[in-house]
1. I'd like to check something: does region 187-205 contain any residue that is farther than 30 Å from Glu57 by Cβ, surrounded by fewer than 21 Cβ atoms within 10 Å (Cβ to Cβ) and either among the β-branched types (Val, Ile, Thr) or not assigned by TED's automatic domain parsing to the domain that holds Pro111 (or both)?
2. Residues in region 211-232: is at least one touching a helix residue (DSSP H, G or I) at 6+ places or on another chain (Cβ under 7 Å) and of a type in the set (Asp, Glu)?
3. Can you pull out every residue in region 109-157 that is aromatic (Phe, Trp, Tyr) and closer than 20 Å to Val209 by Cβ?
4. Restricting attention to region 31-65, and to residues there that are closer than 16 Å to Phe115 by Cα and among the hydroxyl-bearing types (Ser, Thr, Tyr), which single residue is surrounded by the most Cβ atoms within 10 Å (Cβ to Cβ)?
5. Going by the structure shown, is Gly249 surrounded by fewer than 20 Cβ atoms within 10 Å (Cβ to Cβ) and either in contact with a Phe, Trp or Tyr (Cβ under 7 Å, 6 or more places away or on another chain) or within 29 Å of Leu176 (Cβ to Cβ) (or both)?
6. Under 9 Å between Cβ atoms, at least 6 apart or on separate chains: pull out the pairs that start in region 169-187 with a residue that is more than 14 Å from Gln248 (Cα to Cα) and end on any residue that is surrounded by 21 or more Cβ atoms within 10 Å (Cβ to Cβ) and hydroxyl-bearing (Ser, Thr, Tyr).
7. Out of (1) within 28 Å of His240 (Cα to Cα); (2) part of a helix (DSSP H, G or I), the odd one out for Val188 is which?
8. Applying the selection to region 199-250, what residues are among the acidic types (Asp, Glu), assigned to a helix (DSSP H, G or I) and at pLDDT 95 or above?
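The values are calculated or read from the model by the stated rules, or taken from the named source; none is laboratory data. Just so it is clear, the model here is predicted, and its values are computed rather than measured. Cβ sites come from the backbone with ideal geometry, for glycine too, and all protein chains shown count toward neighbours.
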Amino acid sequence: MTKTALQTQPPPTPTYILTYPAPYVILITINRAPQMNSLPYASHWEADALLQWFDSEPALRVAVITGSGPKAFCAGQDLIEQKDLANLREKVARGVLKESELPDRRLLTHPTAGFMGVSRRVGKKPVIAAVNGFALGGGFEICLGCDMIIASPKATFGLPEAMRGLYAGAGGLSRLVRLAGMTIASEVAMAGRFLSATEAANYNIVNSVSKTHESVVDEAVELAAKVASLSPDAIIVTRHGLRASWEQGSVERASQDTELRFGKALREGKNLGIGLRAFAEKKQPKWMPSKL
């Protein structure tokens, strides 16, 4: 797919490189390699707008997120920006600066969808992480908010916030407990344990470890292409059902919510008929853009 195949254009993305490596797939690359792909506050809002556009763009079905450079997927929040902000607040306390001269406080937060607009995202379409290196703090929380994760053999996962006097507050703690269990999650979050790619796979955090460090994005895109080849209606509804069962306490309530929200529209949509006819005729279906 080329950018000209899109029906709408993405919002400005100075922090991210956008490419389209397979039909219906967008690859979002965090482009801050000198900063280990750590993210300042503005970049979270930028990504949140991008993912909202992705959910509404008919030509896209799956997103893949990775980091630029050989070392890091994302090392979390930009701590240099944090230090600079702390220095500004100190100047206000000393009377050197006025409170009105500080940056707008509304911009010094994360969007409702969390770190990079992913860690607490509800969303509609699936996102896959291609973890090419360090995924630390908020970087790990991005992964935990994704639907699937492919890890490079060199990937490393951790939540070192408590070592800095903070806590992982972007949704990662609860999601890590759901995936790996209380004891492993506690060791990662409270004892500063880092997980290798193999350990993360053993604890059901990642789907698989790529064959080589260099192939992690290709393997994630291949997985995305498999998802994108299916009915976009079916994928949206299936994703909702999976995530509802993950987020809610009641398995049956999650099933009911998915049926009530999407069941009728899925059955009355064109893609169901397209899929059934293609099956009967032993042909590949040509799906319509989702109306859900």
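1. Looking through region 187-205, at least one residue is farther than 30 Å from Glu57 by Cβ, surrounded by fewer than 21 Cβ atoms within 10 Å (Cβ to Cβ) and either among the β-branched types (Val, Ile, Thr) or not assigned by TED's automatic domain parsing to the domain that holds Pro111 (or both).
2. Among the residues of region 211-232, not one is touching a helix residue (DSSP H, G or I) at 6+ places or on another chain (Cβ under 7 Å) and of a type in the set (Asp, Glu), which makes the answer no.
3. Phe134, Phe140, Phe157
4. Ser38
5. Yes; evaluated as a whole, the condition is true for this residue.
6. Short answer, once both residue conditions are applied: Ala170/Ser119; Gly171/Ser119; Gly172/Ser119.
7. (1) is the only condition that Val188 fails.
8. Glu199, Asp218, Glu219, Glu222, Asp233 - these are the residues of region 199-250 that are among the acidic types (Asp, Glu), assigned to a helix (DSSP H, G or I) and at pLDDT 95 or above.
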